[in-house]
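What follows is one structure encoded as structure tokens, with my remarks underneath.
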Amino acid sequence: MTEWHKTEWRNLPRVQMPDYSDQDLLRNVEKKLGNYPPLVFAGEARQLKAKLAAASQGEAFLLQGGDCAESFEQFRADSIRDTFKVMLQMAMVLTYGAKVPVVKLGRMAGQFAKPRSTATEIVNGVELPSYRGDIINNLAFTEIARAPDPNKMLQAYTQSAATLNLLRAFSTGGYADMQQVHSWTLSFTESDRAGQYRQMATRISDALDFMAASGLASEDNHEMRTVDFYVSHEALLLEYEEALTRIDSTSGKWLAGSGHFIWIGDRTRQPDGAHVEFCSGVQNPIGLKCGPTMTEDDLKRLLEKLNPENEAGRLTLIARFGAGTVADHLPKLIQAVKAEGSNVLWCCDAMHGNTIKSSTGYKTRPFDSVLREVREFFDIHKAEGTIPGGVHFEMTGQDVTECTGGIWAVSDENLSDRYHTACDPRLNASQSLELAFLVADELVNTRNLNQITGVASN
């Protein structure tokens with residue numbers, strides 16, 4: 001077998017990537033990035049892989065969430081803090097439901113590049129390149145703004161480094177104290193509208209009080225004040241990914257130093273394409289989006305390409321079909337995985353298949369559709385005797401109005417109030433936490449069923 005090299009992708013067909021007009025500038029930027037320190041380290045990626053392996057066996061549960069696309073303009077410490085905060089709240093609720101550790105994986109510190117349905121868009125008869133995320137071009141609809149600029153990769157690196165620095169401080173500096181995290185959740189359930197979740201919150205309080213009475217107070221136990229928090233993004237812009245990919249000195253293997261976990265989108269999963277080739281050679285845990293067009297043969301080829309050694313924790317299959325269609329697609333893919341004997345982690349992306357245009361003209365996602373897809377995902381796994389190992393949400397800790405529904409009943413008419421996303425709509429803080437309570441109920445039901453049937457297979 002020929003030794004893999006990080007430049008191999010350049011010899012293969014590429015899609016969803018920009019054409020830079022100034023190749024000399026591009027090479028200079030790549031050279032600069034190549035001299036910068038990696039953003040993450042191999043030991044962290046291996047730790048995450050081990051935790052994802054546990055999730056694939058039902059011994060942990062994956063919570064992956066964060067921005068649709070990070071923004072240069074909206075980059076603020078408060079925004080990072082608030083998203084981190086709500087993910088901690090969600091993780092605590094899910095831990096109660098699953099009775100296993102929750103792996104916390106943010107769509108943060110690198111989620112800048114976005115695939116688009118069309119290469120160009122037309123406004124008032126003017127056709128310009130589509131906006132592909134702040135790492136590539138700008139949102140403003142002008143010729144200059146929409147031109148791909150390699151220098152934006154340097155800004156993306158700087159922002160990612162700053163985001164990681166803050167997340168590491170929050171994770172280990174006391175902000176993640178379990179008692180404090182739960183107090184935030186109790187504030188949410190105090191509302192009459194959230195009354196249905198109060199019983200579960202009270203049970204979590206009782207558990208924490210029992211632990212404190214038993215001598216496990218957070219002030220005396222480091223583990224109760226800190227968390228492991230990892231970051232992820234779609235590995236779309238391969239020039240950026242390659243520049244930050246390094247040889248790990250401890251193992252001699254390649255590491256994508258841009259993030260702990262990278263994934264391949266549903267639009268870039270061609271088995272003989274550049275993105276699959278790049279991801280096949282790095283040691284990071286890899287995600288693969290599986291949409292409605294994924295066939296059993298496609299999946300089998302990708303399993304072999306991305307995880308030839310069948311390593312547990314290496315490959316996460318992220319199902320994204322849309323509410324009402326999960327039963328049409330997921331069972332055949334599960335059966336294909338079974339037939340191959342492949343070790344995978346199944347995760348549900350209940351966002352991307354449920355995007356609609358509201359009556360007021362805004363792109364949105366109905367909360368009820370998101371929840372329905374999650375429930376269908378769990379139901380299919382129950383029927384197949386396999387493990388629903390995680391959930392994947394586009395969300396923010398901010399009080400935005402981008403998705404409709406939830407207990408505060410965001411309506412089509414409310415969307416314009418605080419619609420801040422540049423790409424796809426995100427769940428706001430209350431919708432995210434409410435969803436965590438509802439997913440926790442599914443986890444309780446799954447756990448009870450597994451205790452009855454003895455299901456523990458992948």
>> Testing His352 on (1) surrounded by fewer than 16 Cβ atoms within 10 Å (Cβ to Cβ); (2) at pLDDT below 95, one condition comes back false. Which one is that?
In response: (1)
> Can you name the condition, by its number, that Ser218 falls short on among (1) modelled with pLDDT under 85; (2) under 24 Å from Pro285 (Cα atoms)?
Replying inline: (2)
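Would you check which residues across the stretch 360-375 are of a type in the set (Ser, Thr, Tyr) and either in contact with a Pro (Cβ under 8 Å, 6 or more places away or on another chain) or within 8 Å of Ala323 (Cβ to Cβ) (or both) and list them? Lay out the reasoning, then the answer.
Going through the stretch 360-375, the residues of a type in the set (Ser, Thr, Tyr) turn out to be 360, 362, 364, 369.
If the condition is that a residue be of a type in the set (Ser, Thr, Tyr) and either in contact with a Pro (Cβ under 8 Å, 6 or more places away or on another chain) or within 8 Å of Ala323 (Cβ to Cβ) (or both), then Tyr362, Thr364, Ser369 are the ones that fit.
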> Which members of the stretch 178-200 meet the condition of being touching a residue at least 24 places away in the same chain (Cβ under 8 Å) and among the aliphatic types (A, V, I, L, M)?
Replying inline: Met178, Val181, Ala194, Met200
> When the stretch 403-414 is examined, which residues are found to be of a type outside the set (A, V, I, L, M, F, W, C), over 18 Å from Ser191 (Cα atoms) and without any contact (Cβ under 8 Å) to a residue 40 or more places away in the chain?
Replying inline: Ser411, Asn414
>> Looking only at the stretch 55-83, how many residues end up being surrounded by fewer than 23 Cβ atoms within 10 Å (Cβ to Cβ) and within 14 Å of the chain's Cα centre (by Cα)?
In response: 1
>> Take the conditions touching a residue at least 60 places away in the same chain (Cβ under 8 Å), surrounded by fewer than 17 Cβ atoms within 10 Å (Cβ to Cβ) and either assigned to a helix (DSSP H, G or I) or not polar (S, T, N, Q) (or both) and apply them to His392. Does it pass?
In response: no
> Do we find that Pro18 is out of contact with any Gly (no Cβ under 7 Å at 6 or more places or on another chain), at pLDDT 95 or above and exposed (fewer than 14 other Cβ atoms within 10 Å of the Cβ) in this structure?
Replying inline: no
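Yes or no: Val93 under 25 Å from Ser258 (Cα atoms), buried (at least 23 other Cβ atoms within 10 Å of the Cβ) and out of contact with any Pro (no Cβ under 8 Å at 6 or more places or on another chain)?
Considered against the rule, which asks whether it is under 25 Å from Ser258 (Cα atoms), buried (at least 23 other Cβ atoms within 10 Å of the Cβ) and out of contact with any Pro (no Cβ under 8 Å at 6 or more places or on another chain), Val93 comes out as no.
Residues that are in contact (Cβ under 8 Å) with a residue 24 or more places away in the chain and under 26 Å from Ile286 (Cα atoms): list the strands (runs of 3 or more DSSP E) wholly contained in the stretch 84-177 that include at least 1 such residues. Quick ask: steps written out before the conclusion?
Numbers: elements: 102-107, 120-123, 126-129.
Output list reads 102-107.
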> Does Ile144 meet the test of being crowded, with 17+ Cβ neighbours inside 10 Å, more than 17 Å from the chain's Cα centre (by Cα), modelled with pLDDT of 95 or more and of a type in the set (A, V, I, L, M, F, W, C)?
Replying inline: no
>> Among the numbered criteria (1) crowded, with 16+ Cβ neighbours inside 10 Å; (2) at pLDDT 95 or above; (3) β-branched (Val, Ile, Thr), which one does Thr325 miss?
In response: (1)
> Does any residue in the stretch 325-351 that is in contact (Cβ under 8 Å) with a residue 40 or more places away in the chain come within less than 8 Å, Cβ to Cβ, of a residue that is in a helix (DSSP H, G or I) and exposed (fewer than 13 other Cβ atoms within 10 Å of the Cβ) six or more places away or on a different chain, and which pairs are these?
Replying inline: Pro331/Ala383
> Conditions: (1) in contact with a strand residue (DSSP E or B) (Cβ under 8 Å, 6 or more places away or on another chain); (2) assigned to a loop (DSSP other than H, G, I, E, B); (3) buried (at least 22 other Cβ atoms within 10 Å of the Cβ). Tyr230 meets all but one. Number of the miss?
Replying inline: (2)
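Which residue out of Leu288, Leu303, Leu333 is under 16 Å from the mean Cα position of the chain (by Cα) and closer than 23 Å to Ala60 by Cβ? Before you say what the answer is, go through the steps one by one.
Numbers: Leu303 fails: under 16 Å from the mean Cα position of the chain (by Cα); Leu333 fails: under 16 Å from the mean Cα position of the chain (by Cα).
Of Leu288, Leu303, Leu333, the one residue that is under 16 Å from the mean Cα position of the chain (by Cα) and closer than 23 Å to Ala60 by Cβ is Leu288.
Out of all the residues in the stretch 38-47, is one or more closer than 17 Å to Ala243 by Cα and aromatic (Phe, Trp, Tyr)? Even if it seems obvious, please write down each step before you answer.
Here is the first cut: in the stretch 38-47, the ones closer than 17 Å to Ala243 by Cα are 38-42.
Going one step further and asking which of them are aromatic (Phe, Trp, Tyr), we end up with 41.
Yes, that holds for at least one residue.
The values are calculated or read from the model by the stated rules, or taken from the named source; none is laboratory data. Since the model is a prediction, treat every value here as computed from it, not as a measurement. FYI the Cβ positions are ideal-geometry reconstructions off the backbone, even for glycines, and counts take in every protein chain you see.
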